[in-house]
Amino acid sequence: MKTLTSTPKQDGYRMPGEFEAHRGVYILWPQRPDNWRNGGKPAQKQFVDVATAISEFEHVTVGVNDDQYENARNLLPDQVEVVEISNNDSWIRDCGATFVKNDQGGLRAVDWTFNAWGGLFDGLYFPWDKDDRVAQKMAEMEHVDRYRLNDFVLEGGSIHVDGEGTLITTEECLLSEGRNPQLSKEQIEEVLKEHLNLEKIIWLHKGIYLDETNGHVDNIANFVAPGHVVLAWTDDQNDPQYEISRENLEILEQATDAKGRKLKITKLYLPKPITITKEESEGVDAIEGVQPRTEGERLAASYVNYYTANGGIVFPIFNDPNDEKARETLQSLYPDRKIVGVPAREILLGGGNIHCITQQVPEA
Ligand code: KQY
């Protein structure tokens, strides 16, 4: 694997939309007891369910730390590949590689700097050195060259692209103090355009209320297809989420994409607010410098945090009346894909959801 000094745009590589064909997907195994309750056991069960659901559609590789290899191998079904990939926690959407491809069958990895969602400013844990090496290891395993950005912090969950030159993100995250405070908004745009081969960036204001990632876009909006965005929504005007979603709707309604198209927008209704129980809170080791899990705290639950697989959509369900409504909406958005709901409260308790624990490798 070579580390390249050019940029994907210079070399004719672009980031495809998640709805384009995949070679497979990576997941990392959860275990840290200061993020996952009861030593990660309940979360591991739901990661197994997610990996199993996705494996119906495409090849799944699960990366684990050495001390969990045997446990993960025993719990995961045979069709899921299990390999050792050292990590600090299990959010491969954020620490993993972003893959770019060209029209001649070429595939490469973009390896951003990862600092656990804000580094020493407001990051969620320390250290994050193993996480920051995950993208390089993925490039090695996929036998592709990589672009490494030592001076630019980015998580994969903070961006979505349409594969035709447009990216959506949030100001709350990309302009946050803990990422790239030395760069202006215009300079950040330039880095993204150069490394993902883009012409247009649509800036939403904020992500889901109380999202500990500083408002990742992958919890609030996604491209269904070029020209079509799904947006997390509530009609409850007393919910702080209402104003956030309404502002984003206005931005999307006024936006045009890289091809000059107006966007079609579909609302995906949120579950009712979900909070941490006493038992859940008490199951997490309280460690200084790590995001606390306090009883009664509201979690950033959203159906938008789904994974688009080859021929399928795997989305989180929360034992909520809106689970069924979400399934219907997703089925109408993706008539040719099978819609699979997986109970995901344990993943939510760790601070993210199904999209956050996956990272696809596009078909070259
Ligand atoms: O939502 C994500 N993309 C990651 C959440 C990280 C939470 C760490 N506790």
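No lab work stands behind these numbers, since they all come straight from the coordinates. The structure presented is a predicted model; accordingly, all values stated were derived computationally and were not measured. Backbone-built Cβ (ideal geometry, glycine too); neighbour counts: all protein chains shown.
When DSSP beta bridges are restricted to pairs lying wholly in the chain, around 40% turn out antiparallel. Legend: helices of the chain (whole DSSP H runs) are marked when their alpha-carbon atoms reach 15 angstrom or more along the helix axis and their mean Kyte-Doolittle hydropathy is at least -0.5; marked are 41-55.
For the chain, give the magnitude of the charge dipole about the Cα centre (Cβ charges: +1 Lys/Arg, -1 Asp/Glu; no others), in debye to the nearest 20.
Roughly 740 debye for the chain.
Full extension of the segment from His205 to Asn238, taken as 0.36 nm per residue of separation minus the current Cα-Cα distance, would add 10.0 nm.
Structural descriptor for the chain: relative contact order 23 percent, calculated from alpha carbon pairs under 8 angstrom and at least 6 residues apart.
With distances taken between every two different alpha-carbon atoms, region 142-262 has a Kirkwood hydrodynamic radius of 15.1 Å.
Sort 300-311, 279-290 by the packing proxy (mean of other Cβ within 10 Å over each peptide's residues), most packed first.
The packing order, highest mean first, is 300-311, 279-290.
I need the P(r) histogram for region 9-165: all alpha carbon pairs, bin width 10 Å from 0 out to the longest distance, whole percents. So the P(r) values, bin by bin, are 10, 38, 36, 14, 1.
Scanning residues 5 or more positions from Gly17 or on other chains, those with amide H under 5 Å from its amide H are Gly163, with H placed 1.01 Å from N in the peptide plane. Of the peptides 128-135, 3-10, 340-347, 109-116, the order by per-residue mean of other Cβ atoms within 10 Å, starting with the highest, comes out as 109-116, 340-347, 128-135, 3-10. Rounded to whole Å, the principal axis extents of the Cα atoms in region 125-183 read 35, 33, 19, largest first. At each listed q (0.08, 0.15 Å⁻¹), what is the log10 of I(q)/I(0) that the Debye formula gives for the chain modelled as equal alpha-carbon point scatterers? Each listed q corresponds, in turn, to -0.34, -1.43. Highest mean first, the peptides 180-193, 32-45 sorted by other C-beta atoms within 10 Å per residue fall in the order 32-45, 180-193. The alpha carbon centroids of region 71-98 and region 128-189 are separated by 20 Å. Cross-linked pairs Lys262/Lys338; Lys101/Lys262; Lys9/Lys259; Lys101/Lys193; Lys9/Lys200; Lys9/Lys193: Cα-Cα separations exceed 19 Å for Lys262/Lys338; Lys101/Lys262.
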